[in-house]
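Here is the structure we will look at.
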Amino acid sequence: MSELINKDIGEKDCCDIIEINSLNKWYGDFHALKDIDLKVKEGEIIVVCGPSGSGKSTLIRCVNFLEKFQEGQIIVDGVELSDDVKKIRQVRSEVSMVFQHFNLFPHLNIVDNLSLAPIWVHNETKQEARAKALKLLDRVGIKDQAEKYPNQLSGGQQQRVAIARALCTSPKIMLFDEPTSALDPEMISEVLDVMVELAKEGITMICVTHEMGFAKKVADRIIFMDEGQIVEENKPDPFFSNPESDRLKLFLDQILSQ
Amino acid sequence: MAIYSLKETKLPPQSQTKAILWLKDNLFSSVSNVALTFIALYLIYLLLPPILNWTIFNANFDLTADNQSCGREGACWAFIGSNLKMFIYGFYPQEELWRVNTMFGIIVALMVFGSLIKKSQYWARYIIGSFLIYPIVAFILLHGGLGLEVVETDKWGGLTLTVVVAAVGIVASFPLGILFALGRQSKMRIVKFISVVYIEFVRGVPLITILFMASVVLPLFFSAGMDFDKLLRALIGITLFQTAYIAEVIRGGLQAIPKGQYEAADAVGLNFIQKTVLVILPQALKISIPNIVGSFIALFKDTTLVLIIGLFDMLAIVGAATSNSAWLGRTTEGYVFVAMVIWVILYSMSRYSKRLEVRFSTEHK
């Protein structure tokens, strides 16, 4: 950690890769995030859950500055996010995101989808980027689709491509914004399997998801949000077996009774 | 509990031939459709025979005939034959016609070669290179210089002029239109304001007014001795006009791009220009192809308006030829001919647009 941060924040744990301090965000007059404090250690797997509209997507979208925030502070790997374009790009080069609706580039084939950022942002040669792309596609199990276009793949395959694209820039942090919510039920497991593999490899992950099985299996911490604030935060076992707040109890009842 | 075995896949039943099915579905599907079919057939019966008689059966195809020997019961195609050179080249000097032909020849060669290498990785570079270099070559060929005798633009005319005006309008307005479309979407207030004002102003004014302004008002701003080429003025006017329309067409395409594409481009770290050029524009332009080509087709037709500022495009030349005393009364032949030539060109553009759509399609095939 750089001296700058230590001076700003005072004493703190040595390995926090993400630090969010009293973050507030409004959409117009709507108070979307209320005084969020969150620290994430390097290599930690965080699952964020909560009812829709609770601000969980907004929170992780603030981390790579897809959403601006009005108050508070986010420090990602020693860089404090602000309107400064340089800092935003620096953070984005270390943070990758997987979206609910995949957001692959439909005019580029799969390999080009993966190698776009390495070539243009990270100055890799075409050959390097392509080789790495094929390796990653192999890892998510769709190497044979490399020359196809996104719309020619199934939802599950597209999301695995999106994960590979996110990995292509060798990020330190991966953000998952409801990666399985738009998938047909039979395709969810193929995406979750890839995510479980990733989690084992020690990359820092923040996942917004309703997949409680996934959360139980890999999360180091689970965060429950409601109405723009963090309501409860715990390790997986106590989180499910011993929820404290009424809102979390209600939420777990609803989601686990399915 | 019941278990069902898998059914065989079968072909659809074919009790009637395809032709009869087609007739049933398209022409005789309801009482009103039956009525419309018969009305249409009656109109064809009324119109088609006289048209065919005039253009073909009673027409005189003897290209050496003159106005008297041609006869009046059908078309006299000798009128077209004997004026063809003027229709195509205007008043361009006889001995320099090879330059016009070369110009057309090169563009055909470029297109053929382009379609041969369209799978190659150099295709995009080839197209961009052609667009940058060819206009210069074409200008030198048509206008002269570099050892070629100068042919002033007031000698240009006919189909050549029509094509030059349309092509310059298309090629120049396309990149400008992209800039204004992006400008209108810009978060920078001033850029957005300028784009909106420009687009809305130009779209609110008829082309004919812009051409008048370019030819009458523009010279007022220059000192008396400075002669500003008439064709150049028309080209500037048409380009300014077309830019506004192309900008709006492309803005339509830009608006169809989902927000997720911008976010994904941001999230992988692309900067604004990379995001625009690599992610957003390719998709927006692809969606806009039919409308862009539609707008170019409209422009091609609008080029006939340059006759009001004294330029002789093909339509004006044909008009002039029909008032020649040697060919009095052959107006119909002239305009039918112009209509056919323009239709062939515009229909080709329309087909080409279809081909482009298929070529850039990345949908599930």
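In the set A:Val191, A:Val161, A:Val196, which member is of a type in the set (Val, Ile, Thr), out of contact with any Phe, Trp or Tyr (no Cβ under 6 Å at 6 or more places or on another chain) and in contact (Cβ under 8 Å) with a residue 40 or more places away in the chain?
Just one listed residue meets the conditions, A:Val161.
When you go through B:Ala298, B:Ala320 one by one, which is the residue that is more than 14 Å from chain A (Cβ to nearest Cβ), at pLDDT 90 or above and surrounded by fewer than 19 Cβ atoms within 10 Å (Cβ to Cβ)?
Going through B:Ala298, B:Ala320 in turn, just one is more than 14 Å from chain A (Cβ to nearest Cβ), at pLDDT 90 or above and surrounded by fewer than 19 Cβ atoms within 10 Å (Cβ to Cβ): B:Ala298.
Would you mind finding the one in B:Val306, B:Val344 that is more than 14 Å from every other protein chain (Cβ to nearest Cβ) and touching an Asp or Glu at 6+ places or on another chain (Cβ under 6 Å)?
Just one listed residue meets the conditions, B:Val306.
Is it the case, given these coordinates, that A:Ser189 is in a helix (DSSP H, G or I), among the hydroxyl-bearing types (Ser, Thr, Tyr) and open to solvent by 20 Å² or more (accessible area, probe 1.4 Å)?
yes
Go over the candidates B:Gln274, B:Gln283 one by one and state the one that is within 14 Å of chain A (Cβ to nearest Cβ), more than 18 Å from B:Lys187 (Cβ to Cβ) and not in a loop (DSSP other than H, G, I, E, B).
When all the criteria are applied, what remains is B:Gln283.
Could you list, in sequence order, all residues of region B:211-269 that are more than 32 Å from the chain's Cα centre (by Cα), at pLDDT 90 or above and either away from every other protein chain (no Cβ under 14 Å) or open to solvent by less than 50 Å² (accessible area, probe 1.4 Å) (or both)?
B:Gly260, B:Glu263, B:Ala264, B:Ala265, B:Asp266, B:Ala267, B:Val268, B:Gly269
The values are calculated or read from the model by the stated rules, or taken from the named source; none is laboratory data. The model shown is predicted, which means the values in this text are computed figures rather than measured ones. Note that we place each Cβ from the backbone using ideal geometry, even for glycine, and neighbour counts take in every protein chain shown. Accessible surface areas use protein heavy atoms only, side chains included; no ligands, DNA or RNA. Shrake-Rupley method; radii C 1.70, N 1.55, O 1.52, S 1.80 Å.
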